[in-house]
Amino acid sequence: MIQPTDDTVRAEHHLTEILGPGLTFRSVPFERGWVCTPLPEEAAAVRFVVDSGSGEVYEYTALGEYEVAADYSAAGEGGREPRGVRIHPVRWRVEYELGNGDDRSARYLVAARSTGRSPEPDEDFELTLDLDTNRYQPAGTAAWQVWVRVVQQHRAEGAWPARGVLEF
């Protein structure tokens with residue numbers, strides 16, 4: 001078993017500042033940082049990479065610790081984006097408000113704002129959701145993020161959320 005170092009403890013502390021208190025991790029160091037798995041592991045099939053140079057945090061799903069480390073290292077060496085999703089620092093803040101909705105569909109007004117440098121412009125748009133077809137319009141990352149969030153809440157609570165904010 002790898003014994004935690006001060007750097008590993010700092011990486012885990014960085015994660016708890018981002019994700020919230022009360023979490024514990026099993027952390028595996030590698031040449032570009034740490035792969036951190038929340039414990040108990042059965043609670044989520046997710047891994048986080050904390051980059052030792054930049055402090056950026058990436059979230060990976062459905063890969064083992066060593067596969068995550070290999071992908072992140074290969075991405076850095078090859079100049080490509082990692083397969084994981086960067087969750088820190090946040091790049092977008094998206095606010096959404098319900099325009100109208102019934103049991104099977106909804107319309108939201110969405111405002112997506114970049115929190116840093118982005119090649120994509122800020123956008124305001126109307127998002128339509130249809131539970132019968134599992135489709136939404138328009139396409140795009142912000143639209144997808146809102147779709148996932150509000151459909152999840154609708155299924156759990158039986159009603160469309162009136163408004164919300166998410167960052168990614």
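The values are calculated or read from the model by the stated rules, or taken from the named source; none is laboratory data. Model, not experiment: these values are computed from the prediction. Counting neighbours? That spans all protein chains shown, and the Cβs are built from the backbone with ideal geometry, glycine included. SASA here: full protein model, heavy atoms, side chains in, ligands and nucleic acids out. Shrake-Rupley method; radii C 1.70, N 1.55, O 1.52, S 1.80 Å.
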Run the dipole for the chain about the Cα centre, Lys and Arg Cβ at +1, Asp and Glu Cβ at -1, nothing else charged, and hand back the magnitude in debye, nearest 20.
120 debye
Could you size up the charge dipole of the stretch 1-95 around its Cα centre, putting +1 on the beta carbon of Lys and Arg and -1 on that of Asp and Glu, and report it in debye to the nearest 20?
200 debye
Rg to Rh quotient for the chain, alpha carbon positions, Kirkwood Rh
1.03
Would you compute, from DSSP H runs of 4+ residues alone, the mean residue ellipticity of the chain at 222 nm, taking -39500 (n - 2.57) per run and dividing by the full residue count, rounded to the nearest 500?
-9000 deg cm²/dmol
Averaged per residue, what accessible surface does the chain expose to a 1.4 Å probe, in Å²?
60 Å²
Using DSSP to call loops (not H, G, I, E or B), can you name the trypsin sites (Lys or Arg not before Pro) in the stretch 32-129 whose Cβ has at most 14 other Cβ atoms within 10 angstrom?
Arg80, Arg104, Arg117
Just to confirm the number: angle between the C-alpha axis of helix 65-78 and the first principal axis of the chain, 0 to 90 degrees, nearest 10?
90 degrees
Heavy atoms of Leu63 accessible to a 1.4 Å probe, total area in Å² rounded to 10:
30 Å²
Excluding ligands, DNA and RNA, the carbon-plus-sulfur percentage of the accessible area of the chain with a 1.4 Å probe reads 49 percent
Determine ³J(HN,Hα), in whole Hz, for all residues of the stretch 92-107 in sequence, where each value follows from phi through the Karplus function 6.51 cos²θ - 1.76 cosθ + 1.60 and θ = phi - 60°; x replaces Gly and Pro.
9, 10, 10, 10, 9, 9, 5, x, 7, x, 10, 4, 10, 8, 8, 10
Determine the relative contact order of the stretch 1-112: mean sequence separation of Cα pairs under 8 Å and six or more apart, normalised by residue count, in whole percent.
16 percent
Under the 0.36 nm per residue contour assumption, what length would be gained going from the current alpha-carbon distance of Leu98 and Glu167 to full extension?
23.1 nm
